[in-house]
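Every number in this text was worked out from the coordinates using simple rules, so none of it is lab data. Fair warning: this is a prediction, and the values are worked out from it, not measured in the lab. FYI the Cβ positions are ideal-geometry reconstructions off the backbone, even for glycines, and counts take in every protein chain you see.
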Amino acid sequence: AQSVTQLGSHVSVSEGALVLLRCNYSSSVPPYLFWYVQYPNQGLQLLLKYTSAATLVKGINGFEAEFKKSETSFHLTKPSAHMSDAAEYFCAVSFPPSGSARQLTFGSGTQLTVLP
Amino acid sequence: EAQVTQNPRYLITVTGKKLTVTCSQNMNHEYMSWYRQDPGLGLRQIYYSMNVEVTDKGDVPEGYKVSRKEKRNFPLILESPSPNQTSLYFCASKIAGGTFSYNSPLHFGNGTRLTVT
C-alpha cells in the first residue's frame with residue numbers, strides 16, 4: 001500500500017541549530033513529494049515540492065529537502081532555526097497517474113518548537 | 001488575490017442541529033477537498049471532488065455530506081452533528097486533470113474550528 005510516515009510528532013531545537021524533520025514514503029511507483037507548513041491559526045502553505053527534476057529541492061524560508069530513492073525518504077532540513085520557524089510541518093505524497101485519484105496523502109505532522 | 005475562502009472561522013453548535021460550512025475558490029480549480037485535523041492524527045480527508053457534480057468519499061466520510069453544483073463552491077454539510085465531529089476543518093483546491101496535476105500543490109483555506117456540544 002502507498003503511504004507516508006513522519007517520524008517524530010514533536011521536535012525541539014535551539015535557535016540557530018540544525019532542523020531535521022523526517023519523512024518516509026512507501027510506494028511502488030516514483031511519487032511526487034511535498035512539504036507543507038502550518039503556522040498557528042492558519043491553513044497549510046506549500047514549503048517545497050519534489051517532482052523528479054532534481055533530488056535536492058530548495059523551498060521558502062531557507063528550507064530544503066532531499067529525495068533519496070534508496071531510502072524512500074524526503075527529509076526536510078534547515079541549517080539554522082529561527083524562532084519564526086515554530087510551526088507544524090506536514091509531509092505529503094502524490095502518486096502519478098497509476099495512483100489514487102485523491103491526489104494527496106498527508107503524514108501525521110511534526111510540531112517544531114524552537115527554543116531561545 | 002488567489003484564495004480559498006471558508007466560512008465561518010469559528011462555529012459552536014449543539015448536537016443534532018444541521019450546519020453548513022462554505023468553501024469557495026477563485027482559481028478555477030477542478031479539484032476540491034475537505035479535511036479534518038485532529039491532534040496526533042494529522043489531516044484526514046473527508047470528501048473530495050474532481051469536478052462539478054463529481055464527488056467521492058475520503059478516509060472519514062461518515063456523518064458528512066458535500067455537493068459540487070458549481071466549480072468554485074464546495075460546501076460541507078453536517079446533517080446531525082455529534083461531539084466527535086468537533087475538529088478543525090480545512091477546505092483545499094488544486095488543478096486536476098492531466099499528468100501535471102499530480103505535482104500541483106493544494107491551496108488551503110484558513111480553517112473552520114467547529115465545536116459540537
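Assorted remarks:
- Contact order relative to length of chain B, as percent, for alpha carbon pairs under 8 angstrom and 6 or more apart: 35
- Fewest-first sequence of B:R44, B:R36, B:R68 by Cβ atoms within 10 Å of each Cβ: B:R44, B:R68, B:R36
- Förster-model FRET efficiency, 22 Å R0, B:T115 and B:E62, C-beta, rounded to 0.05: 0.70
- Residue by residue along A:104-113, Cβ atoms of other protein chains within 10 Å of the local Cβ number 4 on average.
- Integer Hz, Karplus 6.51/-1.76/1.60 couplings in order for the stretch A:45-57, x for Gly and Pro: 10, 6, 8, 6, 8, 10, 10, 6, 6, 8, 6, 9, 10
- For the stretch B:21-33, 3J(HN,Hα) per residue [Karplus equation, 6.51 cos²θ - 1.76 cosθ + 1.60, θ = phi - 60°, Hz, x = Gly/Pro]: 10, 8, 9, 9, 10, 10, 10, 6, 6, 6, 8, 9, 8
- Database remark: amide H of B:R72 closer than 5 angstrom to no amide H (H placed geometrically; neighbours at sequence offset of 5 or more, or on other chains; Pro and chain starts carry no H).
- Extending 7 Å from the Cα toward the beta-carbon at both A:K68 and A:A54 defines two label points whose distance is 2.0 nm.
- For peptide B:104-116, the mean count of partner chain Cβ atoms within 10 Å of a residue's Cβ comes to 4.
- Theoretical FRET efficiency, 1/(1+(r/R0)^6), r = Cβ-Cβ of B:N73 and B:V14, R0 25 Å, to 0.05: 0.45
- Ordering of B:83-89, B:70-76, A:11-17 by burial proxy (mean other Cβ atoms within 10 Å per residue, highest first): B:70-76, B:83-89, A:11-17
- Annotation: amide H of B:G111 within the under-5 Å range of B:Q6, B:C91, sequence separation 5 or more or interchain, hydrogens built in the peptide plane.
- With a 10 Å cut-off around each Cβ of A:39-47, the average count of Cβ atoms from other chains is 5.
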